[in-house]
Amino acid sequence: MWSKKELPSRASGQGQDSPMKDDAFVLRVEDIHKKFGTNEVLKGVSFNVRKGETIVFIGPSGTGKSTLLRCINQLTIPEKGRVWLHDDEVTNSGPKISYFRQKIGMVFQNFYLFDHLTAVRNVEIALLKVKKMDPESARRQALYELEQVGMKGWADHYPAELSGGQAQRVSIARALAMDPEVILFDEPTSALDPELTREVLEVMKKLAKSGMTMLVVSHEMGFAASVANQIIFMENGNIVEQGPPDALLYDPAYVRTRKFVGQFADLTQRKD
Amino acid sequence: MDVTSILAEWTPYLIGGISLTLGLVAIALGIGVALGLPFALVQVYGPRPAKAAISAYAWFFRGLPVLVLLFLFYFGIFPAMGLDLPAFFVGAVVLGLRGAAYQSQIFRGAIQSINEGQMIAALSLGMTRLTAIKSIILPQSLRIALPGWSNEYPEILTDSAICYAIGVAELLTRTSQIVAVTYVTMPIYLCCALIFILLNYAGMRVIHVVEKRVAIPGFGAGAG
Ligand SMILES: Nc1ncnc2c1ncn2[C@@H]1O[C@H](COP(=O)(O)OP(=O)(O)O)[C@@H](O)[C@H]1O
Ligand SMILES: [Mg+2]
């Protein structure tokens, strides 16, 4: 059955409904609507994220999870709804979006490393071109970030020379280099074999423990059970149910959640 | 007078022709890249009307025989614009404008072959679209374009001989003049052919060296 999650020390395990001031939230997402043509993909999604929290999004494919993450950093522009990072509005922020995108990192299913650059150049390029850092500091920081994900020894290798797991760890280092407050992970291990999945999840666990705020679309239920502070179940562009892993995975309130989670019972049993 | 001494006598004249031929090629390639690359960027990232304008441009320059283009510009378009340009210049410009039409297609294909995700990743790091194009998209697409683009060199080199028709004193024109004066035909034309082959070979070697130098593991041509 589900292993009990060990609560990271920095998460105080606050109740969902305890009254909090707005500034307790790193990120606030309010009533996001997105259509592609006539296809209504997000139908008014709202949630708040506390500092240091890991939220795992689950739900059938085509439900709008990726679109939701992309609306948060405005890679996709929602028709309606707002996103705040602390007290600053991310939506409708004009050229300031560059700053918000640095503060809201993103990790993709297919890594999207820059194929013409070595691992360390992948990590430092935005430090040079966006943060305008001097080359020595940029290199030093890039190597530090690679070390954080266990990839320092591969600094001079090109993406084509890396395994999927290694490439994904480099892409995490690339996001970390911008000093983000939140990182969005869109199915970071879905393109990986189980073995490689494990090394990426290890890095993500370590990151969560260190206090990083993370939104993770993933169907790694073992990871969700042990790392998430909250799980959000989405279906058809809506949040169906939201709660701590214990409630959402063991005792969901909705039949739809139960049915969806049920599919993963065997997957989660073999974990850890 | 035997063939060797005729050739020796006319060598300086032929060398002058070679330099005009290479001048045509260099200017044409320069114009081709200088226009072809921005055209390609517009075709991929630009607004719809600009895309349409460049498609029309490419259609025009690729749809007409070089000779027709050459006459059209030399006897028609430039004079009508009140420009009295030397034949050499008109030849180089026409070859360049035509090259741009072909090269824009080569560059466009290369840009589009870059996984769209890399642009998204670049934006997600806070890069502007322009920075992403400069730092991420172009370094890759130029490498990918290089093998296809390198065919432009022999294309334009061989096409340059058509400037004979408007009297540019390039290699073929001078060869024909020598033949007319000396009545030696076969050896002189063979010599001209040999020079074209050598120019071709030398240029391709240079491009090959460049390809090797910019090669990246697991990436594009000439790479492992
Ligand atoms: N750029 C796009 N253009 C048109 N339709 C899109 C686009 N991106 C996503 N969609 C559609 O939006 C829906 C939700 O997609 P997505 O957010 O990727 O779902 P999920 O990540 O939950 O699988 C799907 O029907 C998908 O086809
Ligand atoms: Mg998705």
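The set of residues from region A:84-99 being surrounded by fewer than 23 Cβ atoms within 10 Å (Cβ to Cβ) and out of contact with any Lys or Arg (no Cβ under 7 Å at 6 or more places or on another chain) comprises A:H86, A:D87, A:D88, A:N92, A:S93, A:G94, A:P95, A:K96, A:I97, A:S98, A:Y99.
Does region A:131-168 hold any residues that are open to solvent by less than 30 Å² (accessible area, probe 1.4 Å) and either over 23 Å from A:A191 (Cα atoms) or in a helix (DSSP H, G or I) (or both), and which are they? Result: A:A138, A:A142, A:E145, A:L146, A:P159, A:G164, A:G165, A:Q166, A:A167, A:Q168. Would you mind listing the helices (runs of 4 or more DSSP H) fully within region A:200-270 where at least 3 residues are free of Cβ contacts under 8 Å to residues at least 24 places away in the same chain? Once the helices (runs of 4 or more DSSP H) in region A:200-270 are filtered for at least 3 residues that are free of Cβ contacts under 8 Å to residues at least 24 places away in the same chain, what remains is A:255-262.
Residue count for region A:40-74 under the criterion of being in contact with a helix residue (DSSP H, G or I) (Cβ under 8 Å, 6 or more places away or on another chain), more than 10 Å from ligand 1 (Cβ to nearest atom), open to solvent by 10 Å² or more (accessible area, probe 1.4 Å) and farther than 22 Å from A:P245 by Cβ: the result is 1.
Filtered by the rule that a residue be more than 8 Å from chain B (Cβ to nearest Cβ), under 17 Å from B:E116 (Cα atoms) and touching a strand residue (DSSP E or B) at 6+ places or on another chain (Cβ under 6 Å), region A:63-121 gives A:S66, A:T67, A:V107, A:Q109. When you scan region A:175-196, do you find a residue that is away from ligand 1 (no atom under 16 Å from the Cβ) and polar (S, T, N, Q), even just one? Looking for residues that are away from ligand 1 (no atom under 16 Å from the Cβ) and polar (S, T, N, Q), one finds none in region A:175-196, hence no.
Table: residues versus (1) free of Cβ contacts under 8 Å to residues at least 12 places away in the same chain; (2) of a type outside the set (G, A, S); (3) open to solvent by 20 Å² or more (accessible area, probe 1.4 Å); (4) out of contact with any Pro (no Cβ under 6 Å at 6 or more places or on another chain).
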{"residue": "B:I6", "(1), (2), (3), (4)": "no, yes, no, yes"}
{"residue": "B:E9", "(1), (2), (3), (4)": "yes, yes, yes, yes"}
{"residue": "B:S19", "(1), (2), (3), (4)": "yes, no, yes, yes"}
{"residue": "B:F39", "(1), (2), (3), (4)": "no, yes, yes, yes"}
{"residue": "B:F71", "(1), (2), (3), (4)": "no, yes, yes, yes"}
{"residue": "B:G76", "(1), (2), (3), (4)": "yes, no, yes, yes"}
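Of the residues making up region A:186-207, just one is more than 23 Å from A:G153 (Cα to Cα), away from chain B (no Cβ under 12 Å) and not small (G, A, S), namely A:E187.
The values are calculated or read from the model by the stated rules, or taken from the named source; none is laboratory data. Everything numeric in this text was worked out from a predicted model, so none of it was measured. Quick reminder, even Gly has a Cβ in these numbers, built from the backbone with ideal geometry, and neighbours come from all protein chains shown. Accessible surface is based on the protein model in full, side chains and every heavy atom, while ligands, DNA and RNA are left aside. Shrake-Rupley method; radii C 1.70, N 1.55, O 1.52, S 1.80 Å.
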